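Data block below; observations after.
We did not get these values from a lab; they are worked out from the coordinates using the rules stated. Note that the coordinates shown come from a computational prediction; the quantities given were computed from them, not determined experimentally. For neighbour counting, all protein chains shown are included, and Cβ atoms are generated from backbone atoms with ideal geometry for every residue, glycine included.
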Amino acid sequence: MSGFLSEVAEWFSEPGRWTGADGIFPRTLEHLWLATLPMIIAVAVALPAAVWLAHKRRAEFAANAIVNVGRAVPSFGLLILAGVFFARAGVDLRFWPAVVALVALAIPPIFTNAYTAIVTVPPATVEAARGLGYKEDEVLWGIEVPVGAPVILAGIRISWIQVLATVPLAAVLSSGGGLGQYVVRGFAQGPGARAEIFAGALLIALLTLGADRLYSVAERAVLPAGVSRLASEDVKAVASAS
Amino acid sequence: MTLAQQTVPLFDWGWVGRNLDTIWDRTLEHLSLTGAALLVGMAISVALAALSLWRPSTYQPIAGAAGIIYTIPSLAVFALIAPFVGIGTATGRFIIAQVALIGYTLLILIRNIVTGIRSVPPETREAALGMGYRDRERLVRIEFPLALPVIIAGLRIATVTVVGLVTVTSLLGLGGLGFFILDGLRRSVIFPTEIIVGVILSVALAAVLDLSLLVLGRALTPWVRRGAAR
Amino acid sequence: MAEDPMISLENVSKIFPGAAQPAVTDLSLEVGRGEFVTLVGPSGCGKTTTLKMINRIIEPTSGRISIDGRDAMAAPAHELRRSIGYVIQQVGLFPHRTIAQNVGTVPSLLGWEQDRIEARVAELVEIVGLDPVMLSRYPSELSGGQQQRVGVARALAADPPVLLMDEPFGAVDPIVRKRLQDEFRDLQQRLGKTVVFVTHDVDEAIFLGNRMAILNIGGILEQFDAPETILAEPANEFVESFLGGERGLKRLGLLPVTGAAVERGPFVDVTEDPDQAKRVMEDHDVDWLGLLDQGRLLGWVDGSLVDRIPLSELEPRPFLVTLNSDSTLRSALDAVVTGHARVAVVVDDGAYLGMLDLEAIAEEITE
């Protein structure tokens, strides 16, 4: 046991391990970038669409079904498929397949939660808003969205966790995948690389848990006052009990 | 890994025809990995949920721990356990895969079981008490059936997710249908057919299992739909 | 209507898509300025639909609605609504805003300066009877009755001439409801707002409105008149059965005690000469005497005690039934029946106003 731990410690203290080309810092940044960019795109695409459709009460079936369909598609498979298509197009595999696959992965929970959030705003609140003289878009963005904020943010969090969990898998496609590269490479090399495998996993775990925590903090800051926050365990699986 | 040549067809039906038995084997492997994980996961979750219901103060730490396992990417979970169990043996690989898969189901199942039982209306509970049901009887015969819809919803989510996660175990040498995904990628010239077969079949498998659970759920809870139909 | 009406509905109809019958059929109705009109009727009579067509929450299928002389369809809906107060049963307070922000919603929409909004909000909170401490709280921290008051304040914020209310007091318990009804009635009288008030509770309608519009299923107007008139002369069987039992008593509930044949009765000042007092008793043909002290009621004494002793030395007994001057004939009747008495005295803060007996009340009924 102690032999193993010292191997791991050795791995961490190797020169260039932290800041080199293949180092922990640049890989962490890559990991975060590969997670954040798809999230931004997914939110920009899914949120306004979901919220608008929900306000108009359209596409109800599709809105609820999308998260179930999304869940059935294995993220790993999606990533590799994206890799295949981009490879045929001759594009750099370090970036595009991951981003495209991750956006596709992130959209369903964001969409379904945002839709549900708007649809479950108490009708009296919406009617009062209209009755007082808010225009339709003011009702949506000034009243429905803030009131639905906890559920919307819960959906984004689900996607965030999912995306963070899939980024390491991109390492299978190329030399990317952020911190996942250590693990995938390690597995390919066999038992000898066990220190690298473990160290990589540790870093991934810490990064992911930290990013989730960061989201929690940000969520609290963003949530409008007076609207209660969903308990954190409930967050993980709010995306529709079909 | 080299870039795919344009000459490799996107989908080769011939390959499918030639490898039907491998596909079947891998599908069975996929099913067994999924089934094992869900069975054990359900057993553990029921136990932990019962504990949380009996001693409410334990719910937070239990859900918290399950949440941590859920958040950590499955790949990392494999890698954290692998050095200790060893990826050299088939058993070792199986255990590593199962630990991660089971761990992943815990949060959803525990949360849904607890929420399901807690959402049984207090009046119903009281009526049962008033009629003479003892605590354990009441739990099994009244509360559990009433909590079924929520529990099954959680089970469906867990099942579909596990089916997806099993594909990642291909990195450990298992993978079920995920084997094709990785194999198609790892060839000297990327072979899309395998990858596509792997993805489509695992989606199909997830859909079939999801539907089956839906039907099972409806069969077990006839009161739900009849009430709504009125 | 002598002057032009505040709200006018002309041949208004509403058919919801896919519905077999219209919700509102060719309804014509006028509400005068400062009037308090209640819309009542059974479920499905279209009263809420009618209300919601006035501020275009629901758009009419046909017909014309004008408010203050202007066609409701002329301006964009949201502009129209900013000039109409709207209160609904579940209130619909915005949970993510403080009470102050909720109340100040329409003034904000209209672009008032912050100071003016704050001053108005403070004023309103007092008018509706809320503790100013509530202003910085969130709706979830308030009780049902308090939330309802905020709803009314919010509707009044921009000082609209018209208020539309849809069963606003339905969701609170009866005691709170009674208080809200009393206070709101006073408020409306003070502010002079034109109010259209929907309720399924006929007693609430009778109590609150100047005029009641009784609607039948499909939005058919059966009768539209002052409650006393409807109670005395229901237009048809439907109205009669809708008014419910004890129609006569309900009508009595609208008649003030001071309007009735309240008479002086055998009451004299304590300084009166005993012989004169005896003559008063004879005139009224009673065996008791009521005593006053400079207009203030003291009580009554048994007639046999009135002889040579000065009246001021007698010990008067209190009356079994004493009524305030703002009581109704119905409560007078109830008091007399409950108290096993034959007479009731009417008093205004101690000062004696007069006496009522069962005969006087009966006369009022047949009036």
Task: Partner aspartates and glutamates for C:Lys193 [C-alpha distance under 12 Å; skip if fewer than 8 residues away on the same chain] - done: C:Glu35, C:Asp159
- [ ] Quick one: net charge around C:Val172, please, counting Lys, Arg +1 and Asp, Glu -1 for every other residue with C-beta under 13 Å from its C-beta.
- [x] -1
- [ ] Rank these for me by crowding, C:Lys52, C:Lys278, A:Lys56, going from fewest to most other beta carbons within 10 Å.
- [x] A:Lys56, C:Lys278, C:Lys52
- [ ] Can you pull the one-decimal nm distance between simple spin-label points at C:Asp115 and C:Asp71, each 7 Å off the Cα toward Cβ?
- [x] 4.2
Task: Compactness of the protein assembly as shown - radius of gyration and Dmax, Cα, Å - done: 38.5, 136
- [ ] Calculate the dipole size of the protein assembly as shown relative to its Cα centre from +1 charges on Lys and Arg beta carbons and -1 charges on Asp and Glu beta carbons; express the result in debye to the nearest 20.
- [x] 6000
Task: Of all DSSP beta bridges in the range C:7-256, antiparallel share, percent nearest 5 - done: 45
- [ ] Apply 1/(1 + (r/R0)^6) to the Cβ-Cβ distance of B:Ala207 and B:Asp21, taking R0 = 22 Å, and write down the FRET efficiency to the nearest 0.05.
- [x] 0.45
TODO: Amide H neighbours of C:Asp26 under 5 Å, at least 5 residues apart or on other chains, H built in the peptide plane: list them.
DONE: C:Ser13, C:Lys14
TODO: Evaluate E = 1/(1 + (r/R0)^6) for B:Arg136 and C:Asp326, where r is the Cβ-Cβ distance and R0 equals 56 Å; express this FRET efficiency to the nearest 0.05.
DONE: 0.30
Task: Shielding by other protein chains, B:81-87, mean Cβ within 10 Å - done: 5
- [ ] Sum up the charges of everything whose Cβ sits under 12 Å from the Cβ of C:Glu3, counting Lys and Arg as +1 and Asp and Glu as -1, but leave C:Glu3 out.
- [x] -3
Open item on the list: Among C:Val12, B:Ser57, B:Met42, whose Cα projects farthest towards the positive end of the dipole of the protein assembly as shown, with charges put on the beta-carbon of Lys, Arg (+1) and Asp, Glu (-1)?
Closed with: B:Met42
Task: Hits among lysines - C-alpha to C-alpha of C:Lys14 under 20 Å, sequence gap 8 or more where chains match - done: C:Lys47, C:Lys52
Open item on the list: Around C:Lys52, under 15 Å between beta carbons, what's the net of Lys plus Arg minus Asp minus Glu among the other residues?
Closed with: +1
Open item on the list: Based only on other Cβ atoms within 10 Å, what is the fewest-to-most ordering of C:Asp173, C:Asp182, B:Asp12?
Closed with: C:Asp173, C:Asp182, B:Asp12
- [ ] Normalising by the residue count of the range C:258-366, find the relative contact order in percent from Cα pairs under 8 Å and 6+ residues apart.
- [x] 28
Open item on the list: Normalised by the empirical 2.2 N^0.38 Å for globular proteins, what value does the Cα Rg of chain B take?
Closed with: 1.23
- [ ] Might you report the magnitude of the Cβ-based charge dipole of the range C:258-366 about its Cα centre, with Lys and Arg at +1 and Asp and Glu at -1, to the nearest 20 debye?
- [x] 220
TODO: Would you compute, for the Cα atoms of the range A:61-134, the largest minus smallest coordinate along each principal axis and list the three values in descending order, in whole Å?
DONE: 57, 24, 15
- [ ] Provide Rg over Rh for the range C:7-256; use the alpha carbon set for both Rg and the Kirkwood Rh (inverse mean inverse pair distance).
- [x] 0.97
Task: the range A:41-52 - phi-based ³J(HN,Hα) in whole Hz, Karplus 6.51/-1.76/1.60, Gly and Pro as x - done: 5, 4, 5, 4, 7, 7, 5, x, 4, 4, 5, 5
Open item on the list: Under 5 Å between amide hydrogens, which residues at least 5 positions from C:Gly299 or on another chain qualify, with H placed 1.01 Å from N in the peptide plane?
Closed with: C:Leu291
